[in-house]
Amino acid sequence: QKEVEQDPGPLSVPEGAIVSLNCTYSNSAFQYFMWYRQYSRKGPELLMYTYSSGNKEDGRFTAQVDKSSKYISLFIRDSQPSDSATYLCAGNSWGKFQFGAGTQVVVTP
Amino acid sequence: DTAVSQTPKYLVTQMGNDKSIKCEQNLGHDTMYWYKQDSKKFLKIMFSYNNKELIINETVPNRFSPKSPDKAHLNLHINSLELGDSAVYFCASSQAGTNDEAFFGQGTRLTVV
């Protein structure tokens, strides 16, 4: 069983809609959580970084962590075609980053 | 002004060959990593070095040998390449190696034929 589970998608949404992504994890030692965006043939790019249960907002992006249910989410408001990418969630425990498989998102004009 | 840079970007080689991938970071970070991303896009940690010392060594064939000449560089040498080694290899770095976020390079696409 992978430590971080993520639906691979693809998730297709119309431009302007809210994109909702989520992951579950099994490692209780995870304290920090990240969301990365990866465009095709590029390296993962850090989007959001959270370390406690609750919400964190940055522009159009909101990350949620619920440690009690081991559930993390990313919401993208007012989605744009340029948001089309693969989104990877990750948990961090003492320097060891464990990633989900990534969810492919397609935002259609 | 690239933060984490890897070379080469693409590498095509025959089975049985030995090859190296280089990584450098100019972020002043203490910790560097190698990740392998397979065809299903799953990123899996291979190694982690903190200030030139190996701290994470996942279940990786011993044909893979990382080398860190200084804390800004982490190279990956692969001996006797196999078809299954074909993947994208990402280098990453983080500040303290404990709970800080990691920054990734652009990847090296290795194809073994």
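Could you work out, residue by residue across B:29-38, how many beta carbons of other chains sit within 10 Å of that residue's beta carbon, and then give the average as an integer?
On the way: counts 0, 1, 1, 0, 3, 0, 4, 0, 6, 1.
Counting other chains' Cβ atoms within 10 Å and averaging over B:29-38 gives 2.
When a/c is below 1.5 the answer is rounded, else prolate if a/b is larger than b/c, else oblate, so apply that to segment A:42-101 with a ≥ b ≥ c taken from the square roots of the Cα gyration tensor eigenvalues. Walk me through the numbers on the way to the answer.
Details: a/c = 2.12, a/b = 1.28, b/c = 1.66.
Oblate shape, in that a/c is at least 1.5 and b/c is the bigger or equal ratio.
In terms of the Cα gyration tensor, with a ≥ b ≥ c the square roots of its eigenvalues, is chain B rounded because a/c is under 1.5, prolate because a/b exceeds b/c, or oblate? Could you put the intermediate results ahead of the total?
Working: a/c = 1.74, a/b = 1.62, b/c = 1.08.
In terms of gyration-tensor shape, prolate.
Using a Cα distance threshold of under 17 Å, what count of lysine pairs results for chain B when pairs must be 8 or more residues apart or interchain?
Taking chain B as the scope, the lysine pair count is 13.
Compare the Cα positions of A:Phe30, A:Pro14, A:Pro109 along the charge dipole of chain A (+1 at Cβ of Lys, Arg; -1 at Cβ of Asp, Glu; about the Cα centre) and return the one farthest towards the positive end.
A:Phe30
For the protein assembly as shown, compute Rg over Rh where Rg is the Cα radius of gyration and Rh is the Kirkwood radius from the inverse mean 1/r over Cα pairs.
Working: Rg = 17.4 Å, Rh = 17.9 Å.
My calculation of the ratio gives 0.97.
Counting only DSSP beta bridges with both residues in chain B, tell me the antiparallel percent, nearest 5. Can you show the working numbers first?
Details: 37 of 41 bridges.
In chain B, approximately 90 percent of DSSP beta bridges are antiparallel ones.
Write out the trypsin sites (Lys or Arg not before Pro) in segment A:39-102 meeting two conditions: DSSP loop, and at most 15 other Cβ atoms within 10 Å of their Cβ.
Answer in residue order: A:Arg41, A:Lys42, A:Arg60, A:Lys67, A:Arg77.
Alpha carbon centre of segment B:30-94 versus segment A:74-109: separation in Å?
23 Å
Taking the DSSP beta bridges in chain A as the whole, what percent of them are antiparallel, to the nearest 5? Before the final figure, lay out each step's value.
On the way: 39 of 43 bridges.
Taking every DSSP beta bridge with both residues in chain A, the antiparallel ones total about 90 percent.
Take A:Met34, B:Met32, A:Met48, B:Met46 and order them by how many other Cβ atoms sit within 10 Å, fewest up front. Display every interim value, and only then the final one.
Details: A:Met34 24, B:Met32 30, A:Met48 21, B:Met46 18.
Lowest count first: B:Met46, A:Met48, A:Met34, B:Met32.
Taken together, the values in this text are just the output of simple stated rules run on the coordinates, not laboratory data. Because the structure is predicted, anything quoted here is derived from the model rather than measured. No Cβ is skipped: glycine too gets one built from the backbone with ideal geometry, and neighbour counts run over all protein chains shown.
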